[in-house]
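Please read the structure below before turning to the comments.
Laboratory data are not the source of any read-out in this text; all were calculated from the coordinates shown. Model, not experiment: these values are computed from the prediction. When we count neighbours, we look across all protein chains shown, and the Cβ atoms used for this are built from the backbone with ideal geometry, even at glycine.
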Amino acid sequence: MVLLRLLSRLPLSVLYTFSDFLFAISYHVLSYRKGMVRKNLRNSFPDKSDKELKQIEKDFYHNLCDYAVETIKLLTISDEELKKRMVYRNPEIVNQFSDKNQSILLLTSHQFNWEWLLTSGCLYLPLGVDFVYQQQSSKTFNEFSLMGRTRFGAYPVERSQVAREAIKRKEILRGIAIMADQFPGHHNTKKYWTQFLNQRSAFYLGLGQLASLTQYPAVFFGVKKIRRGYYEAEGFVVSNPPYEKESQQIVEDYIGATERTIKQQPAGWLWSHNRWKVREEMD
């Protein structure tokens with residue numbers, strides 16, 4: 001952790017040089033998850049040419065390596081620099097709820113750089129930010145991740161404690177930040193199956209259950225990379241209560257918003273994640 005802190009104090013211009021080195025090693029030497037990335041891209045964009053897919057692939061690996069050094073930078077970056085590099089174009093969209101002391105669900109996807117998006121939300125938005133996270137097996141990595149995400153006041157909520165924390169903190173004005181575009185896991189027997197990026201895909205039921213429990217409106221923030229080290233986030237209301245108990249309409253709304261964001265900038269999504277571990281499954 002001491003080494004990461006020292007690295008974090010380096011200027012981003014230096015860290016991006018290190019990112020270029022990481023790209024050369026991960027892409028050209030190690031071919032890190034290249035087969036998975038190619039399969040995911042080919043299945044998600046069947047109408048794109050091989051040349052187009054190849055360019056998206058290379059751009060993705062550049063983005064992934066930039067993400068790594070940008071996440072390290074979160075340990076020491078100033079609030080002024082972070083706000084300059086991650087700009088919320090319309091944070092006032094949340095005011096219609098915060099002015100009424102109404103908490104919300106803050107939805108986004110694994111679009112680079114989601115770490116900067118979460119952390120800077122504490123600087124832009126007129127309410128507190130709780131974020132849902134999955135406990136990592138590595139204690140060091142878990143500590144590192146939480147340290148960066150909580151620097152400006154975000155409150156961590158472990159995934160298994162979401163319902164309990166939602167009830168416990170219901171009197172606090174906040175946005176509960178969720179990224180729900182991961183594969184829900186083999187051991188989670190209850191999944192919601194639908195179409196996502198031209199493929200039959202499984203999603204967590206948790207988002208629909210949380211919406212039903214809280215009856216909070218949901219705002220989606222999509223991220224766009226403007227140039228190296230600079231991003232913009234634009235928000236819009238994606239779902240409004242009341243939500244029926246068994247309805248997963250908010251999941252469909254979330255999927256639609258996520259797909260639109262990915263299609264606007266395909267190289268910005270986390271293609272190295274094994275999102276489609278299971279193509280078909282009977283619940």
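Close amide H partners of Y155, meaning residues 5 or more places away or on another chain with modelled amide H under 5 Å apart, are V129, D130, F131.
Counting Lys and Arg as +1 and Asp and Glu as -1, what is the net charge of the other residues whose Cβ lies under 15 Å from the Cβ of S137? Neighbourhood net charge equals 0. Treating r as the C-beta distance of R38 and Q96 and R0 as 30 Å, the FRET efficiency rounds to 0.10. For the chain, with the dipole built from +1 on Lys and Arg beta-carbon atoms and -1 on Asp and Glu ones, taken about the Cα centre, which of Q264, I93, P11 lies farthest toward the positive end? It is P11. The residue among L173, L105, N198 whose Cα reaches farthest toward the positive pole of the charge dipole of the chain, with charges on the beta-carbon of Lys, Arg, Asp and Glu, is N198. Among rounded, prolate and oblate, which fits the chain when a ≥ b ≥ c are the square roots of the eigenvalues of its C-alpha gyration tensor, a/c under 1.5 means rounded, and a/b larger than b/c means prolate? Oblate, since a/c reaches 1.5 and b/c is not below a/b. Local charge for S120 was computed over the other residues whose Cβ lies under 13 Å away, with Lys and Arg +1 and Asp and Glu -1, and equals +1. Pairs exceeding 22 Å between alpha-carbon atoms, taken from K34/K263; K73/K139; K84/K263; K84/K224; K34/K139: K84/K263; K34/K139.
Could you state the number of Å between the C-alpha centres of segment 43-59 and segment 122-155? Using only Cα atoms to place each centre, the spacing works out to 33 Å. Packing here is the average count of other Cβ atoms within 10 Å per residue, and on that basis the peptides 7-15, 97-105, highest first, run 97-105, 7-15. In summary, the lysines within cross-link reach of K190, defined as a Cα separation below 27 angstrom excluding same-chain residues under 8 places away, comprise K39, K168, K170, K245, K277. Over segment 1-76, Cα pairs under 8 Å with separation of 6+ residues give a relative contact order of 57 percent. In the chain, the calculated helix contribution to ellipticity at 222 nm averages -12500 deg cm²/dmol per residue, counting -39,500 (n - 2.57) for every DSSP H run with n ≥ 4. Rounded to the nearest 20 debye, the dipole magnitude of segment 80-268 is 360 debye, with +1 charges on Lys and Arg beta carbons, -1 on Asp and Glu beta carbons, and the Cα centre as origin.
Between N240 and T17, full extension at 0.36 nm per residue minus the direct alpha carbon distance yields a gain of 75.9 nm.
DSSP beta bridges fully contained in segment 80-268 are about 45 percent antiparallel. Were the residues from E143 through A163 laid out at 0.36 nm apart, the gain over their Cα-Cα distance would be 4.9 nm.
For L41, the shell of other residues with beta-carbons less than 10 Å away shows a net charge of +3, using +1 for Lys and Arg and -1 for Asp and Glu.
A cut-off of 5 Å between modelled amide H atoms, ignoring neighbours fewer than 5 places along the same chain, links I104 with R174, G175, I176.
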